Amino acid sequence: MTPAIDFRVAHRLPGRIRFVYRADTSFDARGLARAALNLSGVQQARVNRAARSLVIDYDPAATDETALSRGLRGLDIAGNAPRLAGVPGKGKGLGEVLGGGALLAAHPLLPAGLQMPATLVAALPLFAGAVADLRREGINSHVLEALAVAISAARRDYTAANATIFMLALGDYLEQSIARRSDNLLKKLLHPDTAQVWVEIDGQERQLAAGEVAVGMTIIVAAGTTVPVDGTVLGGEALLNEAAMTGESEPVLRRRGEEGRLRVYAEHVGRNTASARIADYVEQSLAAKSDSQLKAARLADRLVPAVLGLAGSAWLVSGDWQRAAAVLQADYSCALKLATPVAFKSAMYRSGKQGILFKGGDVLERLLAVDTFVFDKTGTLTTGKLAVTDSIAFDPQYSPKDLIDLAASVEEHYFHPLALAVVEAARRHRGQHFDHKEVEFIAAHGVASVVDGKRIVVGSRHFVVEDEGIPVSDHQTVLDKLYRQGKTLLYIGYGGRLLGVIALKDELRPESRATLQRLRDMGVRHLVMLTGDHRRRAEEIARRLGIDECHAELLPQQKAAIVAGMKADGRRIAFVGDGINDAPALAGAEVGIAMQRGADLARLTSDIVLLEDGICRVADARAIAQATMRRIDANFRLTVGTNSAILAAAAFGQLSPVAASIAHNGSTIAILLNALRSA
């Protein structure tokens, strides 16, 4: 049983932090320090037993207090061997494998008096580990393996004992290598190599460590390399590797001026870059355990006594210790406990290469169980790239261009699709900028400010009419006409009256209908659309896409309430959105899916992040979940069937201990390779 440990920050300095801990059971504190060294960015870790404190020295460019706290909570501290949860231990090293092979080959040449001591020396690590496991966990697969070697050694069957030691070391080494490979694949996907960075300082170029780069510096990036910061291109033209962010395997062209390299203004560095935040998701996913993984591990543990009982029964019936030793060679633990996480991590790596980031294996499980997909309209089913189609001023002192310029002036720092479209329209006709006071942002409503001493509000009808009390009835005929054309209206109120409206329209993504049909074909029962846009436009889109339910003119809390109501009715919900106002619904669904151009808050609160701007990736994610769970189920059946057959053959004397060990370890490695094959 894993002891519960609570960590609290007691003191912090740049690059150093001290945690105090409280545990409900005793454990090896030195093991805690060793486990902490596995955390990304940790350079040193020291434990003071008397003070119950853990001091960590870390690289601020590689990690921070939040990541360390989260990592410590993910440590699996079992007895004397703390290690990262969900990450297999190092197991047998290559030296033990080579040593076991050398002993097996040389043993027949040893004098008779040295054969027993040589075998016992080789088996000592196995016996020591088994004793530790027996004290900590009771009888497990390692105890059975040690018992099999002990039986063979006691019967002076040194060939069988040495062969078993060698096969166990080789099998364990290969199994853990495969498991580590799945971890490394996943880490490699989102950990670009940017140890050294070229920067421009006072007109001179020089190289700095990545951790020394600060916001505001000018970074020099050569063609085909990875950009170590988030920023704006100041000049140059180069091919950039954006695979970690977009899933595209080929470098892409980014330009502003000369060819061959880029000058980039650093806006986000270190742990604040998008790639670093996504890398944090990967670290979290490596520590997360799915229901399938936990169930497989529990089943493996429950079957250990059955294997021991079968070995005892085989000996009682036959009187042959060799049968008992052969039975003890085979068990279900390794394949059951390792194949499932390897399959999940391999699928996560493959999906990441395709532009889909799963934040843990349990997300694939939950996505497969979903029966209702709920879509926010703008930016998901539609392109989200709105364009201004009409600008209608109701005051003759203002032209349509003036109306756009006025709205753009107060919305230029707001990154909602409506605001971006208005700002782009003003940029195209090179409009004037209206000086204004500080802008107030009202989520899902609009913006407000003061221009020439008068309050200006730009936003939805609900915001302007109901919240601000500005009448619009005198212009209802014009407004209704625009509504019937399926356009989204942005109301501009100025000085307590309706100054005008700007009409915008976005288009359905060409792949939206096909994506929804794919989801239906994969077993999704209900398709729902939620939007803050007006009802008539929303219902038109719902009809075109064949959506089952449509809810329009919603506020953010109403979206979350609808999701909660569906869950209360027994539906299993996946919510797809991209905006800050979608975050409550994303967090409330069984699975939240954030679009590639979504707001940071939406991406942080989601379970799946799309790294490419395409709604088809939602259906791809569901297909990956289905394929992964099919493979896990197939591996489970293969594990149980193969090991049951090996156990039966061993119990009936059809397999020697060496043959049983070869069959068991060989089948386990084959099953793990099959689990890894999805990568």
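Which pairs do you get when a residue that is over 15 Å from Leu103 (Cα atoms), found in the range 113-139, comes within reach of a residue that is buried (at least 16 other Cβ atoms within 10 Å of the Cβ) and among the β-branched types (Val, Ile, Thr), reach meaning Cβ atoms under 6 angstrom, with the pair 6+ apart or on two chains?
Final answer for the pair search is Ala130/Val143; Asp133/Val143; Leu134/Val143; Ile139/Val304.
Hey, can you tell me all the residues within the range 525-548 that are touching a Phe, Trp or Tyr at 6+ places or on another chain (Cβ under 8 Å), surrounded by fewer than 19 Cβ atoms within 10 Å (Cβ to Cβ) and more than 18 Å from Ser460 (Cβ to Cβ)?
Passing the criteria: only His526.
Can you confirm whether Ala150 is in the same structural domain as Gly666 (by TED's automatic domain parsing) and touching a residue at least 24 places away in the same chain (Cβ under 8 Å)? Spell out how you get there, then give the answer.
Working: in the same structural domain as Gly666 (by TED's automatic domain parsing): yes; touching a residue at least 24 places away in the same chain (Cβ under 8 Å): yes.
Yes, satisfied.
List the number of the failed condition for Lys377; all other conditions in (1) surrounded by fewer than 23 Cβ atoms within 10 Å (Cβ to Cβ); (2) assigned by TED's automatic domain parsing to the domain that holds Arg572 hold.
Here Lys377 meets the rest and fails (1).
Might you check whether a residue that is closer than 22 Å to Thr383 by Cα, touching a helix residue (DSSP H, G or I) at 6+ places or on another chain (Cβ under 6 Å) and modelled with pLDDT under 90 occurs anywhere in the range 453-476? So that I can check it myself, show each step before the final result.
Step one: of the range 453-476, the residues closer than 22 Å to Thr383 by Cα are 459-460.
Next, only the ones that are touching a helix residue (DSSP H, G or I) at 6+ places or on another chain (Cβ under 6 Å) stay: none.
Within the range 453-476, not a single residue is closer than 22 Å to Thr383 by Cα, touching a helix residue (DSSP H, G or I) at 6+ places or on another chain (Cβ under 6 Å) and modelled with pLDDT under 90.
Mind checking which residues of the range 423-440 are within 41 Å of the chain's Cα centre (by Cα) and buried (at least 16 other Cβ atoms within 10 Å of the Cβ)?
Val423, Ala425, Ala426, Val439
Please go through (1) touching a strand residue (DSSP E or B) at 6+ places or on another chain (Cβ under 6 Å); (2) over 14 Å from Arg73 (Cα atoms); (3) of a type outside the set (Phe, Trp, Tyr); (4) modelled with pLDDT under 80 for Leu32 and return the number of the only condition it doesn't satisfy.
It is condition (2) that Leu32 fails.
Given the criterion crowded, with 24+ Cβ neighbours inside 10 Å and in a helix (DSSP H, G or I), identify the matching residue among Leu368, Leu357, Leu338.
Matching residue, one of Leu368, Leu357, Leu338: Leu338.
Given the conditions (1) out of contact with any strand residue (DSSP E or B) (no Cβ under 8 Å at 6 or more places or on another chain); (2) at pLDDT 75 or above; (3) hydrophobic (A, V, I, L, M, F, W, C), which single one is not true for Val199?
For Val199, the exception is condition (1).
Quick check on my filter: what residues within the range 608-654 are β-branched (Val, Ile, Thr) and crowded, with 16+ Cβ neighbours inside 10 Å?
Correct list: Ile608, Val609, Ile615, Val618, Ile624, Thr628, Ile632, Thr639, Thr642, Ile646.
Taking the range 394-429 on its own, how many of its residues are free of Cβ contacts under 8 Å to residues at least 40 places away in the same chain and of a type in the set (Ser, Thr, Tyr)?
So the count comes out to 2.
Those residues that are acidic (Asp, Glu) and touching a helix residue (DSSP H, G or I) at 6+ places or on another chain (Cβ under 7 Å), I need them from the range 358-406; list them, please.
Asp362, Glu365, Asp376, Asp390, Asp405 - these are the residues of the range 358-406 that are acidic (Asp, Glu) and touching a helix residue (DSSP H, G or I) at 6+ places or on another chain (Cβ under 7 Å).
In the range 391-437, how many are under 25 Å from Gly486 (Cβ atoms) and either part of a loop (DSSP other than H, G, I, E, B) or not assigned by TED's automatic domain parsing to the domain that holds Leu489 (or both)?
Within the range 391-437, residues that are under 25 Å from Gly486 (Cβ atoms) and either part of a loop (DSSP other than H, G, I, E, B) or not assigned by TED's automatic domain parsing to the domain that holds Leu489 (or both) number 5.
Of the residues in the range 78-112, how many are modelled with pLDDT under 70 and not in a helix (DSSP H, G or I)?
The number of residues fulfilling the criteria is 16.
Give, as residue ranges, the helices (runs of 4 or more DSSP H) completely inside the range 454-564 that count at least 1 residues that are more than 31 Å from the chain's Cα centre (by Cα).
Ranges flagged: 476-484, 535-545.
Take Val131 and tell me if it is modelled with pLDDT of 80 or more, under 22 Å from Val304 (Cβ atoms), of a type in the set (Val, Ile, Thr) and exposed (fewer than 15 other Cβ atoms within 10 Å of the Cβ).
yes
When the range 646-671 is examined, which residues are found to be touching a Ser or Thr at 6+ places or on another chain (Cβ under 9 Å) and farther than 16 Å from Trp315 by Cβ?
Ile646, Val658, Ser661, Ala663, His664, Ser667, Thr668, Ala670, Ile671, listed by residue number.
Being among the small types (Gly, Ala, Ser), at pLDDT 85 or above and closer than 16 Å to Tyr332 by Cβ, is that true of even one residue in the range 578-595?
no
May I ask you to list the residues in the range 64-77 that are at pLDDT 80 or above and either surrounded by fewer than 18 Cβ atoms within 10 Å (Cβ to Cβ) or more than 12 Å from Ala36 (Cβ to Cβ) (or both)?
Taking the range 64-77 first, the residues at pLDDT 80 or above are 64-69, 72.
Once the filter is applied, which keeps residues that are at pLDDT 80 or above and either surrounded by fewer than 18 Cβ atoms within 10 Å (Cβ to Cβ) or more than 12 Å from Ala36 (Cβ to Cβ) (or both), the range 64-77 yields Asp64, Glu65, Thr66, Ala67, Ser69.
The values are calculated or read from the model by the stated rules, or taken from the named source; none is laboratory data. Quantities reported herein were computed from a predicted structural model and do not represent experimental measurements. Using ideal geometry, Cβ is built from the backbone for each residue, glycine included, and neighbour counts are taken over all protein chains shown.
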